[in-house]
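Here is the structure we will look at, set down as C-alpha cells.
None of the figures in this text is laboratory data; all of them are computed from the coordinates on show. Worth saying up front: this structure is predicted, and the values here are computed from it rather than measured. Don't worry about glycine lacking a Cβ; one is built from the backbone with ideal geometry, like all the others, and counts go over all protein chains shown.
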Amino acid sequence: MIERTFVMIKPDGVKRGLAGEIVSRFESRGIKICAMKMMRIQKELAERHYAEHKGKSFFDPLLGYITSGPVICMVLEGDNVISIARTMMGRTNPQDADPGTIRGDLAMQTGRNIIHGSDSSESAKREIELFFNDYEILKYDKPDEPWIYE
Ligand code: DAT
Ligand code: MG
C-alpha cells in the first residue's frame, strides 16, 4: 500500500554533513520525496513531537538535542514506506543497529542517532501534520516508477 511517512535528519546529521548521504539512501531505494525543508525546531514543537516521551529521564536532553541546530524534515512516499524507512534507519540505539542501516553505519549513541522516522501510520499522520502544511507536500510523477513498482 502506498503510504507516507515523516523523516527528519537531526541536528547532528546536519552538522556532520550527512544530509546528502541520508537523502541519497532514500532516493536510491526508490522512495519519493514529497516535501523537504530545513528548519530550527522551537521547544514547543519539540515537546509536541516527542509528547509520548514526556516524563521520561531522557526527555529534557532529547529536547535540548533536537532544538540545538537545524534539522531537515521530509515527507517520504512509497509502498509500505513507514516500515521500510524504519528498517533503513536501524535500531534506536546505534550500537544495536545492523550494519547497512543509517544508524548502524553512521552513528554511535542513542542520544546522537542522527535520524527520526515515524513508527506507525498514526504517528506518520500526526507528525506530517505537525511539521507541514498541505501546500508544502507536492504531488508529481517520477518517470522511473514503472521500474520500481511492477
Ligand atoms: P526512535 O527514534 O527509534 O523512534 P524512540 O521513539 O523510542 O526511538 O525515542 C525517541 C528518541 O529519544 C530516540 O531517537 C533517542 C531518544 N531516546 C530514546 N530512548 C532513549 C534512552 N533510553 N536514553 C536516551 N535517549 C533515548
Ligand atoms: Mg520514535
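Summary of values
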{"read-out": "Residue list for the range 88-115, restricted to those being surrounded by 15 or more Cβ atoms within 10 Å (Cβ to Cβ) and among the polar types (S, T, N, Q)", "value": "Thr101, Thr110, Asn113"}
{"read-out": "Those residues of the range 123-136 which are away from ligand 2 (no atom under 12 Å from the Cβ), outside any loop (DSSP other than H, G, I, E, B) and not hydrophobic (A, V, I, L, M, F, W, C), in sequence order", "value": "Lys125, Glu129, Asp134, Tyr135, Glu136"}
{"read-out": "Complete set of residues in the range 47-61 that are within 10 Å of ligand 1 (Cβ to nearest atom) and either surrounded by 13 or more Cβ atoms within 10 Å (Cβ to Cβ) or more than 18 Å from Val7 (Cα to Cα) (or both)", "value": "His49, Tyr50, His53, Lys56, Ser57, Phe58, Phe59, Pro61"}
{"read-out": "Output for the range 104-122, where each listed residue is among the aliphatic types (A, V, I, L, M), more than 11 Å from ligand 2 (Cβ to nearest atom) and outside any helix (DSSP H, G or I)", "value": "Ala107, Met108, Ile114"}
{"read-out": "Filtered residue count, the range 116-132, keeping only those that are more than 9 Å from ligand 1 (Cβ to nearest atom) and either of a type in the set (S, T, N, Q) or in contact with a helix residue (DSSP H, G or I) (Cβ under 7 Å, 6 or more places away or on another chain) (or both)", "value": "5"}
